[in-house]
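A.B. asks: Following this message is one structure expressed as structure tokens.
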Amino acid sequence: MDTMVLLVGDSRCDKDDDCACLHNLAGVSKQVKVEGLRLHAGGDALRGVSLTSQFQLFAYLGGNGHVAVMGPPGQQVLNAFASPSTATDAIRNLKDFSKEQATTIVRKLVSLGFLQPVSHDCACTAEEDCGPVSSPLTSWLHLTDRCNLRCDYCYLPHVREDMSSETGRAAMDATFRSALANGFKQVKVKYAGGEPLLRFPLIVELHQYAQSLAHRHGIELEGVALSNGTLLTVEMVEAFKSLGVRLMISLDGLGAHHDLHRRYAGGRGSFVDVAEAVDLALVNGLTPNISVTVSGRTAVGLPDVMAWILERELPFSLNFYRENELSAAHGDMRLEEQKIIEGMSAAFKVIENNLPRRPFLGGIIDRANLSASHTHTCGVGQNYLVFDQNGQVAKCQMHICKPVTDMNAADPLAVIRLDQAGVQNISVDEKEGCKSCEWKYWCAGGCPLETYRATGRYDVQSPNCNIYKALFPEALRLEGLRLLKYQDDPEVVQKIVA
């Protein structure tokens with residue numbers, strides 16, 4: 001009978017919220033040449049989490065961030081490299097496996113980063129690219145500052161200003177100029193506000209225009225609308241499906257817990273309308289991504305909203321509240337460590353009892369993207385452009401009122417990258433308190449704006465550091481349990497047996 005050796009899932013980030021996600025994860029499917037290599041187990045960068053008496057989840061916290069579940073046979077292969085050994089010698093000494101089986105397992109463990117070349121030579125074949133997968137250039141288009149809601153954590157003043165068609169097209173032109181100038185192969189456009197569905201015809205126009213530019217220049221395009229959902233109609237859903245534009249809807253809790261954050265301008269809660277919008281989208285064939293903002297005010301309600309999300313098999317992200325100048329008066333929203341840890345842990349228990357087929361490590365703990373190893377929290381200052389309604393360009397949407405350049409610049413991204421005055425999204429390797437942390441390449445030190453607001457510095461760890469550290473091991477355990485649950489589903493898990 002075949003024995004399970006290794007389970008590898010797809011844990012790529014599929015966040016569609018306001019995260020400026022930075023993707024720099026090398027793929028696990030590439031073939032690697034191991035013959036003759038001197039290898040050793042990943043050492044301190046390889047973290048194990050017990051799942052059952054037989055199975056462990058292993059995570060490489062170093063340069064690639066891969067995770068996999070290993071049964072006893074897989075652990076036996078890994079242990080063969082506890083001391084450095086050539087792959088040829090180790091494979092010869094693994095008596096319980098055929099040479100072909102042992103070679104396959106060793107190759108996979110190298111591609112995952114669990115086994116490392118002692119000489120640090122690349123283990124990729126000559127035909128493979130050993131570098132990271134390139135990130136898209138992400139462009140945030142602030143279609144309107146108007147909104148029908150008055151959310152307590154919103155950072156916008158809600159002036160009655162809209163982006164014109166001419167400005168939107170010029171912003172799209174500027175985005176593709178920067179993409180071409182900087183060698184990007186992908187562009188991701190976020191249609192945002194305010195409430196972007198107030199300008200739905202402009203979304204359609206601009207995405208069709210973006211499609212023409214992408215086709216002309218041979219660039220991949222994706223689009224997502226970031227909405228509160230209250231204005232969604234069947235016609236909009238059909239248009240999104242036709243255009244290939246994804247939809248993110250904000251939902252912070254069930255009933256009163258959602259309404260504690262997100263109310264109409266007149267004070268009425270929005271939960272009923274948002275829930276109806278989610279179901280309307282699903283009935284008509286569009287699966288929205290759900291963005292949950294977690295605050296001290298609503299943490300206790302997380303288990304209920306998590307159950308609601310999982311019942312509908314929706315992708316989701318759990319994002320921590322970030323204080324800003326307009327929200328600072330709401331002291332009860334601040335992230336009291338124990339309250340947030342307890343609320344998140346209760347939500348994790350719900351996930352454990354309803355493990356989804358869909359990967360969730362990309363959005364389960366705020367800005368700490370556990371689906372990819374990275375040195376910077378997000379793409380701010382690197383591969384991210386924020387166009388306001390007048391075509392001014394900022395580094396981050398939360399600093400939209402602090403533009404650095406405008407849509408007329410020959411290469412707006414180049415100007416953004418050179419800016420030293422605005423938010424500084426520095427490498428985690430330069431952050432005090434992060435340099436020796438085992439999680440640093442998954443957390444990257446947290447949101448730089450949040451850190452600066454709390455400390456007045458960009459070069460220190462997040463004020464949410466203790467929350468992250470308390471939750472990371474449990475998040476990994478959940479991923480391991482997910483892989484075990486779906487180990488016989490080839491669309492979810494790559495399974496290696498011997």
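Just so you know, all these numbers are worked out from the coordinates, no wet-lab data involved. Quick caveat, the model's predicted, so the values are computed rather than measured. Please note: Cβ atoms are built from the backbone with ideal geometry, for glycine as well, and neighbour counts cover all protein chains shown.
A.B. asks: Please sort by residue number the GluC sites (Glu not before Pro) in the stretch 379-445 whose DSSP state is loop and whose Cβ has at most 16 other Cβ atoms within 10 Å. Numbers along the way, then the final one.
C.D. replies: On the way: sites: GLU430, GLU432, GLU438; in loops: GLU438.
When the GluC sites (Glu not before Pro) of the stretch 379-445 are filtered for loop state and at most 16 Cβ neighbours within 10 Å, GLU438 remain.
A.B. asks: If you fit an axis through the alpha-carbon atoms of helix 200-217 and take the longest principal axis of the Cα set of the chain, what angle between them do you get, 0 to 90°, nearest 10?
C.D. replies: 50 degrees
A.B. asks: How many angstrom lie between the Cα centre of the stretch 140-163 and the Cα centre of the stretch 38-113?
C.D. replies: 50 Å
A.B. asks: Show that you can apply the helix-only estimate: for the chain, add -39,500 (n - 2.57) for every DSSP H stretch of four or more residues, divide by all residues, and state [θ] at 222 nm to the nearest 500.
C.D. replies: One gets -9500 deg cm²/dmol as the mean residue ellipticity at 222 nm.
A.B. asks: All other residues with a Cβ under 13 Å from the Cβ of ARG477 taken together, and with Lys, Arg as +1 and Asp, Glu as -1, what is their net charge? Walk me through the numbers on the way to the answer.
C.D. replies: Numbers: positive: ARG47, LYS349, ARG482, LYS485; negative: GLU352, GLU474, GLU479.
Residues close to ARG477 contribute a combined charge of +1.
A.B. asks: Suppose we keep just the DSSP beta bridges with both residues in the chain; what percent of those would be antiparallel, to 5?
C.D. replies: In the chain, DSSP labels about 50 percent of beta bridges as antiparallel.
A.B. asks: Sticking with this one: LEU260: net charge of surrounding residues, Cβ under 11 Å, Lys/Arg +1, Asp/Glu -1, itself excluded? Walk me through the numbers on the way to the answer.
C.D. replies: Numbers: positive: ARG262, ARG263, ARG297; negative: ASP152, ASP252, ASP259, ASP332.
With Lys, Arg at +1 and Asp, Glu at -1, the net is -1.
A.B. asks: Another question about this same structure. Hey, got the dipole for the stretch 45-109? About the Cα centre, +1 on K and R Cβ, -1 on D and E Cβ, debye to the nearest 20? Please report the intermediate quantities before stating the final value.
C.D. replies: On the way: 6 positive and 3 negative charges, 13 e Å.
It comes to approximately 60 debye.
A.B. asks: Test of understanding: ordering CYS401, CYS447, CYS434 by Cβ neighbours within 10 Å, fewest first, what list do you get?
C.D. replies: The most exposed by this proxy come first: CYS401, CYS434, CYS447.
A.B. asks: Still on this structure, please answer the following. Cβ under 14 Å from ASP273's Cβ, ASP273 left aside: what net charge do those residues give with Lys, Arg +1 and Asp, Glu -1?
C.D. replies: -2
A.B. asks: Here's something else I'd like to know. Any idea which of LEU221, GLN101, HIS158 is furthest toward the positive side of the dipole for the chain, if Lys and Arg beta-carbons carry +1 and Asp and Glu beta-carbons -1?
C.D. replies: Towards the positive end, the residue furthest out is GLN101.
A.B. asks: Which of ALA256, SER242, ILE341 sits farthest toward the positive end of the charge dipole of the stretch 137-418, with +1 on the Cβ of Lys and Arg and -1 on the Cβ of Asp and Glu?
C.D. replies: Positive-end residue among those listed: SER242.
A.B. asks: How many lysine pairs are close in the stretch 137-418, with Cα atoms under 17 Å apart and the two 8 or more places apart or on different chains?
C.D. replies: 5
A.B. asks: Hey, how many Å between the Cα centroid of the stretch 182-246 and the Cα centroid of the stretch 371-443?
C.D. replies: About 22 Å separates the Cα centre of the stretch 182-246 from the one of the stretch 371-443.
A.B. asks: Sorted by mean Cβ packing within 10 Å, highest first, what order do the peptides 143-156, 242-255, 286-299 take?
C.D. replies: Highest to lowest by the protection proxy: 286-299, 242-255, 143-156.
A.B. asks: LYS435: which lysines have alpha carbons under 21 Å from its alpha carbon, excluding same-chain residues fewer than 8 sequence positions away?
C.D. replies: LYS469
A.B. asks: Could you size up the charge dipole of the stretch 137-418 around its Cα centre, putting +1 on the beta carbon of Lys and Arg and -1 on that of Asp and Glu, and report it in debye to the nearest 20?
C.D. replies: 520 debye
A.B. asks: Can you give the charge dipole size of the chain about its Cα centre, rounded to the nearest 20 debye, using +1 on the beta carbon of Lys and Arg and -1 on the beta carbon of Asp and Glu?
C.D. replies: Its charge dipole is roughly 640 debye.
A.B. asks: Okay, moving on. Put +1 on the Cβ of every Lys and Arg and -1 on every Asp and Glu Cβ in the stretch 137-418; which of TYR321, ILE351, ALA210 then has its Cα farthest towards the positive end of the dipole?
C.D. replies: Result: ALA210.
A.B. asks: Using a Cα-Cα cut-off of under 20 Å, which aspartates and glutamates could be cross-linked to LYS485, ignoring same-chain neighbours fewer than 8 residues away?
C.D. replies: ASP2, ASP10, GLU311, GLU313, GLU352, GLU474
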